[in-house]
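Student: Could you have a look at this structure, given as structure tokens, before my questions?
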Amino acid sequence: MGILRLSHVVIRVPDIELATAYYSEVVGLIETAREPERVYMKCWDEHQHHSVVLEYAPTYGLERFGFKVEHESDLDDLSTRIEAAGIPTKRFEPGELCPGAGATVQFVAPSGHTTELVWGMAQVGNMLPLTNPPPEPLGLVGIHPPRLDHIFLMCEDVDETTAFYTDVLEFRLTEQILADDGHQLVTFLERTHTPHDIAFITGPNRAFHHMAFWLDDWNEVRKAADICSYHGIPIDAGPTRHGATRGHGLYFFDPAGNRNEVYTGGYWADPDREPVTWTEAEIGRAVFYYEGVIDHRFMTVHS
Ligand code: CA
Ligand code: FE
């Protein structure tokens, strides 16, 4: 019941041809549809119509993003809860918002991000047969992550946003970085029993920090760094280890300046697991466990 997982992100790009070339050749996503100002893409192992949408805009950043819900009735149930929290919602019929779109509820979360709940997006398959499939299709290029893993956003009031996510959307808090005065600097939230499907860090409302693609193991992260370097893609940080979530990651930028991550590892986040707390003094190690410090460039704002 409720939210299943991250469904899609719509990111702004000023040069849609350049961005499409990058996301298909370097990241290795699959293009599924195209409009004059939008390109729809998915990771190879995802079955739904799209998970990454490139949208023409004069600058970079996150336009909107969405979660998939398990049942159609979840749209009504969650809308009621969101409205009861004082936030208006808007409903769109299947196909109304874009090609392949399911029934969608849209609202602006306390973080300022336009957020969607989707049920029934068109399914296009994962390029493999459902009977006796091989482990991976042949001919994939670039990094070719199997799926989107999480999104990392900024907001002014992380406590308020986290309470909305846990109380209204029924996310579970897995980890938090607490300021010395007790307020939340960073929180990690999940619905998929992974360490995070979404995370919030203190910063301007509506700002985008990164979206992360899943890779199967640490060796794939090394190969992703090789591929980025081969193509001259600017690497921001890593390959490294996170203290929070225990994951391994590599950060780099798309041609528009949107930060991407490839991520692996972590742990099984059982619903009865107690949240882990990091103190402000250890924030460097929480984010970059080996380096122990956060370079100021890593906090660049993409709103
Ligand atoms: Ca995840
Ligand atoms: Fe991340």
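The values are calculated or read from the model by the stated rules, or taken from the named source; none is laboratory data. Not measured: the values here are computed from a predicted model. Don't worry about glycine lacking a Cβ; one is built from the backbone with ideal geometry, like all the others, and counts go over all protein chains shown. The accessibility values were calculated without ligands, DNA or RNA, using every heavy atom of the protein model including side chains. Shrake-Rupley method; radii C 1.70, N 1.55, O 1.52, S 1.80 Å.
Student: Within the range 94-133, can you find the residues that are touching a residue at least 60 places away in the same chain (Cβ under 8 Å) and not in a loop (DSSP other than H, G, I, E, B)?
Tutor: Result: E116, L117, V118, Q123.
Student: What do you reckon, is E261 among the acidic types (D, E) and within 12 Å of ligand 2 (Cβ to nearest atom)?
Tutor: Yes, satisfied.
Student: Which condition number does E25 fail, the rest of (1) open to solvent by 70 Å² or more (accessible area, probe 1.4 Å); (2) within 16 Å of ligand 1 (Cβ to nearest atom) being met?
Tutor: E25 satisfies all of (1) open to solvent by 70 Å² or more (accessible area, probe 1.4 Å); (2) within 16 Å of ligand 1 (Cβ to nearest atom) except (2).
Student: Under the condition of being open to solvent by less than 10 Å² (accessible area, probe 1.4 Å) and of a type outside the set (S, T, Y), which residue from the range 33-51 is farthest from N260 (Cα to Cα)?
Tutor: Ranking the qualifying residues of the range 33-51, first place goes to Q48.
Student: Looking only at the range 1-32, which residues are in contact (Cβ under 8 Å) with a residue 12 or more places away in the chain, of a type outside the set (G, A, S), more than 16 Å from ligand 2 (Cβ to nearest atom) and closer than 14 Å to V141 by Cβ?
Tutor: Residues satisfying the conditions are T20, Y22, Y23, E25, V26, L29, I30.
Student: Being within 16 Å of ligand 2 (Cβ to nearest atom), open to solvent by less than 10 Å² (accessible area, probe 1.4 Å) and of a type in the set (A, V, I, L, M) is the filter here, so list the residues in the range 152-197 that pass it.
Tutor: Residues satisfying the conditions are L153, M154, V158, I177, V186, L189.
Student: Output the residues belonging to the range 267-287 that are within 16 Å of ligand 2 (Cβ to nearest atom) and in contact with a His (Cβ under 8 Å, 6 or more places away or on another chain).
Tutor: Once the filter is applied, which keeps residues that are within 16 Å of ligand 2 (Cβ to nearest atom) and in contact with a His (Cβ under 8 Å, 6 or more places away or on another chain), the range 267-287 yields A269, A286, V287.
Student: Checking A85 against (1) closer than 18 Å to E63 by Cα; (2) in contact with a helix residue (DSSP H, G or I) (Cβ under 6 Å, 6 or more places away or on another chain), only one condition comes out false. Which one?
Tutor: Only one criterion in (1) closer than 18 Å to E63 by Cα; (2) in contact with a helix residue (DSSP H, G or I) (Cβ under 6 Å, 6 or more places away or on another chain) is unmet by A85, namely (1).
Student: Would you check if Y22 is of a type in the set (F, W, Y) and assigned to a strand (DSSP E or B)? Write out each step before concluding.
Tutor: Numbers: of a type in the set (F, W, Y): yes; assigned to a strand (DSSP E or B): no.
Answer is no for this residue.
Student: Report the residue count in the range 271-303 for those that are farther than 24 Å from N219 by Cα, acidic (D, E) and either open to solvent by 70 Å² or more (accessible area, probe 1.4 Å) or modelled with pLDDT of 95 or more (or both).
Tutor: 4
Student: Now a separate question. Output the residue which, of all residues in the range 74-89 that are assigned to a helix (DSSP H, G or I) and open to solvent by 60 Å² or more (accessible area, probe 1.4 Å), is farthest from Y165 (Cα to Cα).
Tutor: The residue in question is D76.
Student: Taking L140 as the residue in question, decide whether it is in contact with a helix residue (DSSP H, G or I) (Cβ under 9 Å, 6 or more places away or on another chain), open to solvent by less than 40 Å² (accessible area, probe 1.4 Å) and either outside the structural domain of T20 (by TED's automatic domain parsing) or not small (G, A, S) (or both).
Tutor: No.
Yes/no per residue for (1) touching a strand residue (DSSP E or B) at 6+ places or on another chain (Cβ under 7 Å); (2) closer than 28 Å to D270 by Cα:
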position: G139; (1), (2): no, no
position: P145; (1), (2): yes, yes
position: M154; (1), (2): yes, yes
position: V158; (1), (2): yes, yes
position: F164; (1), (2): no, yes
position: L169; (1), (2): yes, yes
position: L178; (1), (2): yes, yes
position: D181; (1), (2): no, no
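Student: Of all residues in the range 255-299, which are assigned to a loop (DSSP other than H, G, I, E, B) and within 20 Å of H209 (Cα to Cα)?
Tutor: Within the range 255-299, P255, A256, G257, N258, G266, F288, Y289, E291, G292, V293, I294, D295 meet the criteria.
Student: Just to be sure I understand, how many residues within the range 211-237 are in a strand (DSSP E or B) and either free of Cβ contacts under 8 Å to residues at least 40 places away in the same chain or open to solvent by 70 Å² or more (accessible area, probe 1.4 Å) (or both)?
Tutor: Final tally of qualifying residues: 1.
Student: Would you point out which residue out of S24, S111 is farther than 30 Å from D157 by Cα and polar (S, T, N, Q)?
Tutor: Just one listed residue meets the conditions, S24.
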